[in-house]
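We did not get these values from a lab; they are worked out from the coordinates using the rules stated. Predicted model only: the values in this text are computed from it and were never measured. Heads up, the Cβs are rebuilt from the backbone with ideal geometry, glycines too, and the neighbour counts pull from every protein chain shown.
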Amino acid sequence: MRIGICDTTFAMVDMGKIAIDEIKKHCSAKIIRYTVPGMKDLPVACKILLEKEDCDIAMALAMPGKMPIDKQCAHEASLGIILAQLLTNKHIIEVFVHEDECEDKKELYKLVEKRTREHAINVVNLLYHKEKLIKQAGTGQRQGFEDVGPIKI
Amino acid sequence: MRIGICDTTFAMVDMGKIAIDEIKKHCSAKIIRYTVPGMKDLPVACKILLEKEDCDIAMALAMPGKMPIDKQCAHEASLGIILAQLLTNKHIIEVFVHEDECEDKKELYKLVEKRTREHAINVVNLLYHKEKLIKQAGTGQRQGFEDVGPIKI
Amino acid sequence: MRIGICDTTFAMVDMGKIAIDEIKKHCSAKIIRYTVPGMKDLPVACKILLEKEDCDIAMALAMPGKMPIDKQCAHEASLGIILAQLLTNKHIIEVFVHEDECEDKKELYKLVEKRTREHAINVVNLLYHKEKLIKQAGTGQRQGFEDVGPIKI
Amino acid sequence: MRIGICDTTFAMVDMGKIAIDEIKKHCSAKIIRYTVPGMKDLPVACKILLEKEDCDIAMALAMPGKMPIDKQCAHEASLGIILAQLLTNKHIIEVFVHEDECEDKKELYKLVEKRTREHAINVVNLLYHKEKLIKQAGTGQRQGFEDVGPIKI
Amino acid sequence: MRIGICDTTFAMVDMGKIAIDEIKKHCSAKIIRYTVPGMKDLPVACKILLEKEDCDIAMALAMPGKMPIDKQCAHEASLGIILAQLLTNKHIIEVFVHEDECEDKKELYKLVEKRTREHAINVVNLLYHKEKLIKQAGTGQRQGFEDVGPIKI
């Protein structure tokens, strides 16, 4: 199995390194890393990893800024990432941490690390353990934050 | 006939289970279930079910959160789901229940269940009884809520 | 010639019936009707009519609700309808009547009927009489309302 | 060379006629005209001209109204026009004049005529004189209004 | 190697010239320049450079205005640029400088020049030195402005 890891020079945390560290704890898939300037370069970079580097799945890692233009870029990048998946029939797990999700830089770093690691496990499960995800269906998972859990009735 | 059921670990209700329960009451189609982390993973998952698992139709089940970013993700997911249908010439019935449609969690659960079951019947009708839908044309159907009915003149 | 008519069970007026009635007054094209649950199911339904049922043109008929989510769904459906046309090189005439275009239900019904009938004639003209549309170029046509006419200079 | 001219019956000015008049002053390309009901019908009409009528370039001419729904339709049409270009590898020059760009109808007419004529020249340059456009790079061209010119440093 | 440079006559700075000047300092790739009227003409122009002129990468250079319609056009152009990349599996580095990023025209010129030059180096690195980008991953690069650097923990 081959996993593509795409991240950006724009981000303020080395997200690719964290993702690779976590994935290696859980499987022995070959990892191909690809760093691009910004968020909007991620869709084609992921598609190149999935099609030309034969990756079975990819991660798209980024930290959108807090200005309206950053939100718009994140939206455009997300649409591109969805389209790249549809054109390849392979998953790209998007891990975007918005700069304004935390007020404090250290909290932001922790959030980036936690969300990246938790989504790295999702990547491993999508590749090797799809049944684990079915068991988690409807359980209110929240990557980076505490899970909210299922509604109790 | 084969029906694909896609849901998420993000949702707070096991929507896939409800959909499967309802579909089994109405037909004997083979059901393939696929659970992904979040809404934006649904388009490619549905396309994989339609193309690689030979499903004739799919359901995309999710519970978007109440923050603006959740609304944007739902919009992106919806566009991806429409595109997945256009690339496969097969229907994907989207069942999204927004967390802010109800104030109370138990009401929310009931809405999720009712909308999911009613759309599961739409799926069965699209597969087996298209004429039933023509009879309902213009009758103000509202899945999850009371139907508003046709305008009387 | 074959004309596809797509409408929804969500609408509060039987738009498909009105469209078919009008088209039959003007030509003898074979009409294939397809009713789906909601607006967002229209793009693929139209594409199926154009590709699998060999229709030469289609109509996509719907009545978006008045909530913001309804506006967003209409936007998503419209993008899908444009894409379906680009993938088939055939026209799909979209007839959307928003619930908040009129305050009164009976006025709304009249608007739905008038807009549907006027666009049905556009469909016939696109199929049989393209020169009629060229004659109307720049004349401020408004389906459902009074035409505004050309700017007089 | 063949040039496709697409306009609408919704517009209040015969934009196609103006475009054709201007193009004929500058070249002897064959011109194929196609009038559709509204803006959202332009993308596929242009694509049909580019693919089925073998046009080398097309113009998409429209006058979006002043209501929010008109702005959204213009946005959807623009996305479709961009996509039509990407699927054909040919240019479609979009000439949209928004009804609220001028307060007075006669001013609006003048703006429509000026912008249409100036873009018609862009079409001719893209077909026959690409080097002229390179010479204008970064010179602040504004079709329909006075050019703002380059920033002087 | 071949690099495509796309810019506009709408911009108030000759961005193509700046990009070419910078690229030539760093490599001997053949450069093909293509100037179009406006932002929304960039996606297909880049795709033509990548597919018909065999460019390995392209730059899309523009200066969106400050009105809401300009923001929307920039959004539409960006989506088209992302799609052009996905359809070619090649990068297009987008360099958009919004007119309202600076209050003063001379500051704006400096920003345009700095961002264009810094992104030109990204283009060279994507073509020849991908490992340099991996070294910059997560270092908070900001083209045109001072880099914000990585979060220190």
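Counts of other chain beta carbons within 10 angstrom of each beta carbon in peptide A:44-57 average 2. Does the protein assembly as shown classify as rounded, prolate or oblate by the C-alpha gyration tensor (a ≥ b ≥ c root eigenvalues; a/c under 1.5 gives rounded; else a/b over b/c gives prolate, otherwise oblate)? Verdict is oblate for the protein assembly as shown. Measuring from centroid to centroid over Cα atoms, what is the spacing of the stretch E:96-153 and the stretch D:70-149 in Å? If you average the Cα positions of each part, the centres end up 30 Å apart. Among B:Lys90/C:Lys47; E:Lys52/E:Lys130; A:Lys47/A:Lys90; B:Lys47/C:Lys90; D:Lys30/D:Lys90, which pairs are too far apart, with a Cα-Cα distance over 20 Å? Beyond 20 Å between Cα atoms: E:Lys52/E:Lys130; B:Lys47/C:Lys90. Specify whether the C-alpha gyration tensor of chain E places it in the rounded, prolate or oblate class, a ≥ b ≥ c being the square roots of the eigenvalues: rounded for a/c under 1.5, otherwise prolate if a/b is larger than b/c and oblate if not. Rounded shape, in that the Cα axes give a/c under 1.5. Computed over the stretch E:66-153, relative contact order equals 20 percent, with contacts defined as Cα pairs under 8 Å that lie 6+ residues apart.
Dipole size of chain A about its Cα centre, with +1 on Lys/Arg Cβ and -1 on Asp/Glu Cβ: approximately 480 debye, rounded to the nearest 20. The mean sequence distance of close C-alpha pairs (under 8 Å, at least 6 residues apart), as a share of the length of chain B, puts its relative contact order at 24 percent.
Hydrophobic, long helices, defined as DSSP H runs whose alpha-carbon span along the helix axis is 15 Å or greater and whose mean Kyte-Doolittle value is at least -0.5, occur in chain B at B:15-26, B:68-88.
Across the options E:Leu86, B:Ala62, D:Val112, the greatest Cα extent toward the positive end of the charge dipole of the protein assembly as shown (unit charges at beta carbon of Lys, Arg, Asp, Glu) belongs to E:Leu86. Residues whose amide H lies under 5 Å from that of B:Arg33, counting only those 5 or more places away or on a different chain, are B:Ile5; hydrogens are built 1.01 Å from N in the peptide plane. Distances between copies of C:Ser28, taken at a point 7 Å out from Cα along the Cα→Cβ vector and listed shortest first: 4.6, 4.6, 7.4, 7.4 nm.
The lysines whose alpha-carbon is closer than 22 Å to the alpha-carbon of E:Lys110, local same-chain residues fewer than 8 away aside, are D:Lys135, D:Lys152, E:Lys17, E:Lys24, E:Lys25, E:Lys66, E:Lys71. A label point on E:Lys66, set 7 Å along the Cα-to-Cβ line, lies at 2.4, 2.4, 3.9, 3.9 nm from each of its counterparts in the other copies, closest listed first.
Taking chain B as a Gaussian network, Cα atoms linked when under 10 Å apart, which of B:Met63, B:Met12, B:Met39 shows the biggest mean-square fluctuation? Maximum fluctuation in the GNM of chain B, among the listed residues, is at B:Met12. For the stretch E:75-153, the gyration tensor built on C-alpha atoms gives an oblate shape. Its axis ratio a/c (a ≥ b ≥ c) is at least 1.5, and a/b is not larger than b/c. Exposure proxy shown here: for D:Ile121, C:Ile93, the number of other Cβ atoms within 10 Å sets the order, fewest to most, as D:Ile121, C:Ile93.
Which value, in nm² and rounded to one decimal, describes the direction-averaged projected area of the C-alpha convex hull of the stretch B:1-40? Average of the hull's projected areas for the stretch B:1-40 equals 2.8 nm².
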